[in-house]
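Here is the structure we will look at.
The values are calculated or read from the model by the stated rules, or taken from the named source; none is laboratory data. Small disclaimer: the values here were computed from a predicted structure and weren't measured. Note that each Cβ is placed from the backbone with ideal geometry, even for glycine, and that neighbours are counted across all protein chains shown.
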Amino acid sequence: MIASQTMFDAVSLRASADGDSVPTILINLTDVLSYGDTTGERLETLEHVLAHEVFHAGLRQAEATLPGWTDYRDNSLSDLAHVRRVMLDEGIAHYIDWRERPGSDSLFTWKPSSRETFAFSQLATACRRLKQPGAARGDVIEVLQLAGSGPLWSKYGAISGMFAAHRIEMALGRRVLRQVIEGGPEEFLRTYRQVARRNPGLSGIPAELIALQ
């Protein structure tokens, strides 16, 4: 646990490559103090944040042996592959964090909420920008960063992935969602597409991401 004015509330650090360490989660106490007016409220929110980070830490350990993650383990991912990874990694972490928060029943609804629709709209816009010929690298990097960083509802990759995870669990069950996570980003998108085909009210996956499959 640390106290810092930098803009993060918690972060998980990878274990070292030599296997002599385990993943570490840093909690920013400065940010935790703003979670609520009482200690109880702060601890309740911190529980959700820790669940988010524990998922990241656990996935980083598990993915090393999972075939579906073979092409998604290093830092040299293509731009669209990066978005696909964020949709699963950050999307599931956000889902674990938010699915039981107060008010989640108005967020995860049968009819897509405005936030769900907006997230997939932003995902489609980002994918088009990433495929735009002659785009400046600085602009591309900004689009990639916004997939999983920045203001909560602007993180198009994380939030669209969160809603995709919800739709998969509601349609096929939590056991299948766990299997999809093990299967990797491609399996995650394939399964969401399968679910979305059955419900015309759901947003689709941008063609730019589908083309990678």
Item to complete: Answer yes if at least one residue in the stretch 189-198 is in contact (Cβ under 8 Å) with a residue 40 or more places away in the chain and of a type in the set (Val, Ile, Thr), and no otherwise.
Response: no
Worksheet, complete the sentence: Reported set for the stretch 28-43 where residues are at pLDDT 90 or above, assigned to a helix (DSSP H, G or I) and surrounded by fewer than 15 Cβ atoms within 10 Å (Cβ to Cβ) is Thr39, Gly40, Glu41, Leu43
Discussion item. Restricting to the stretch 149-179, and then to whatever is of a type in the set (Val, Ile, Thr) and free of Cβ contacts under 8 Å to residues at least 40 places away in the same chain, can you tell me which residue is farthest from Ala64 (Cα to Cα)?
Written reply: Ile168
Fill in: Enumeration of residues in the stretch 107-145 that are among the polar types (S, T, N, Q) and either closer than 26 Å to Asp97 by Cβ or touching a residue at least 60 places away in the same chain (Cβ under 8 Å) (or both)
Thr109, Ser113, Ser114, Thr117, Ser121, Gln122, Thr125, Gln145
Worksheet entry | Filtered residue count, the stretch 84-107, keeping only those that are within 23 Å of Arg190 (Cβ to Cβ) and surrounded by fewer than 20 Cβ atoms within 10 Å (Cβ to Cβ) | 2
Worksheet item: Somewhere in the stretch 14-24, is a residue among the hydroxyl-bearing types (Ser, Thr, Tyr) and part of a loop (DSSP other than H, G, I, E, B)?
Response: yes
Discussion item. Condition (residue is touching a His at 6+ places or on another chain (Cβ under 9 Å), closer than 28 Å to Leu43 by Cα, in the same structural domain as Val195 (by TED's automatic domain parsing) and not polar (S, T, N, Q)) applied to the stretch 114-133: is it met by at least one residue?
Written reply: yes
Discussion item. I'm trying to understand the selection: among the residues of the stretch 131-144, which are exposed (fewer than 14 other Cβ atoms within 10 Å of the Cβ) and within 22 Å of Asp9 (Cα to Cα)?
Written reply: Glu142
